[in-house]
1. Considering region 321-332 alone, what residues qualify as being more than 20 Å from residue 276 (Cβ to Cβ) and in a helix (DSSP H, G or I)?
2. Of all residues being in a helix (DSSP H, G or I) and surrounded by 19 or more Cβ atoms within 10 Å (Cβ to Cβ) in region 340-353, which is nearest to the chain's Cα centre (by Cα)? Just the residue, please.
3. Return yes when residue 209 is touching a residue at least 60 places away in the same chain (Cβ under 8 Å), crowded, with 18+ Cβ neighbours inside 10 Å and assigned to a helix (DSSP H, G or I) and no when it is not.
4. Give the residues of region 148-166 that are out of contact with any helix residue (DSSP H, G or I) (no Cβ under 9 Å at 6 or more places or on another chain) and more than 15 Å from residue 294 (Cβ to Cβ), sorted by residue number.
5. Of the residues that sit in region 289-320 and are among the charged types (D, E, K, R) and modelled with pLDDT of 95 or more, which one is farthest from residue 218 (Cα to Cα)?
6. Could you grab the pairs with beta carbons closer than 8 Å, sequence gap of 6+ or different chains, first residue in region 236-260 and closer than 29 Å to residue 19 by Cα and free of Cβ contacts under 8 Å to residues at least 24 places away in the same chain, second one surrounded by 15 or more Cβ atoms within 10 Å (Cβ to Cβ) and basic (Lys, Arg)?
7. Which of the numbered conditions does residue 254 fail, given that it passes all the others? Conditions: (1) closer than 30 Å to residue 146 by Cβ; (2) of a type in the set (Val, Ile, Thr); (3) modelled with pLDDT of 95 or more.
Amino acid sequence: MKKIIIVSTVGLIYDGITSVITSYLEAMNREDLKIYVVSTIMSESKIEKKIEELGCEIVQLPSRRKSPIVYFFSLAHFIRKNNIEVIHAHGNSATLSIELLAGFLGGCKRRIAHSHNTRCDQVRADKMLRPLFNLLYTDALACGNEAGLWLFGNRKFKVLKNGRNVKKYSFSLEKRNEMRKRLDISDCIAIGHVGGFFEQKNHKFLIKIFREVLNRKPNAKLFLIGDGPLKDEIMKNVSDIRKSVIFVGTVDNVNDYMQAMDIMVLPSLFEGLPLVAIEWQINGLPSLLSNTITEDCNITNMVRFESLEEAPYIWTNDILEMLEKENRLENSQKAISLVRKNGFDIYDNAKILEKIYKS
């Protein structure tokens, strides 16, 4: 039985990387695989429980952020003690060297670095560690071409797209009516955003856009799904329009909330390949994204890119114009076909990852 250890360098939280990990574990044939998943930095108990229910084992290690040296040696010790053959480390910078070096010292022959973004916050550390990083990984994976170029440059890498479960995210009129009734928004324009409250997600600019929308459509509602350190600041920012901005928090049924939305907006400062953009298209939702986001995620005619340098009223014009073209059921059906054609079906991609693990 092949032994694999998986690490998310941001912790097991409700974010894109964790969603990728759990989605692949759900879709993969895990026979003949003994899979360990590291819990470090922060870890949501619901996510840990879900991973354990899939037959994987959670490995509790010291915080990668607060005690990196202790974390490093603990990881290396665990890998050697348990004869781990594959380490699969997910992140967005050469600080992945921590996991890769732990794997090397632990005797792990296969060391997979998986890039999920097009830039990082630890700029100096990334630059310093690049030479070591390039020596340590044996396999290079990326969620998209731009994310691969960012971390691996002109070195060889394989794009493994962030696949989604098309059945889970496909449009349902029955579920839409049920959710809109439950949320009491039957007569409202519902604008959605999914993402943690971090600088990268650019919530401040999103609020500016929504204020413009409210000026023209007073019955509009903005649904913010997610949590994070900047949430309190954003809540203060919208105190005067609080009835129109709904802070949903972290939920397990994001797909149900999507059904209730009319359009999604993602004005991020940077992204790798945002999973949510694929999910929105599967659901038939018009999606307005910042042009800093890779166009790899655009697989239908429901996506529009806008510059962050444009004024909020320009974004509002886009939103109102895109709403007029909505045809959810037809858009969802077309998107599902295109998702599969463009390599975003999770079950197809899980077979590829399984083959990498076992080869």
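The values are calculated or read from the model by the stated rules, or taken from the named source; none is laboratory data. All values derive from a computational prediction rather than experimental measurement. Methodologically, a virtual Cβ is constructed for each residue, glycine included, from the backbone with ideal geometry; neighbour enumeration extends over all protein chains shown.
1. 321, 329, 330
2. 346
3. So residue 209 fits the description; yes.
4. 154, 156, listed by residue number.
5. 309
6. Hits for this filter: 247/231.
7. It is condition (3) that residue 254 fails.
Conditions tested, residue by residue: (1) of a type in the set (Lys, Arg); (2) under 18 Å from the mean Cα position of the chain (by Cα); (3) modelled with pLDDT of 95 or more.
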site: 226; (1), (2), (3): no, yes, no
site: 235; (1), (2), (3): no, no, yes
site: 240; (1), (2), (3): no, no, yes
site: 245; (1), (2), (3): no, no, yes
site: 249; (1), (2), (3): no, yes, no
site: 277; (1), (2), (3): no, yes, no
site: 287; (1), (2), (3): no, yes, yes
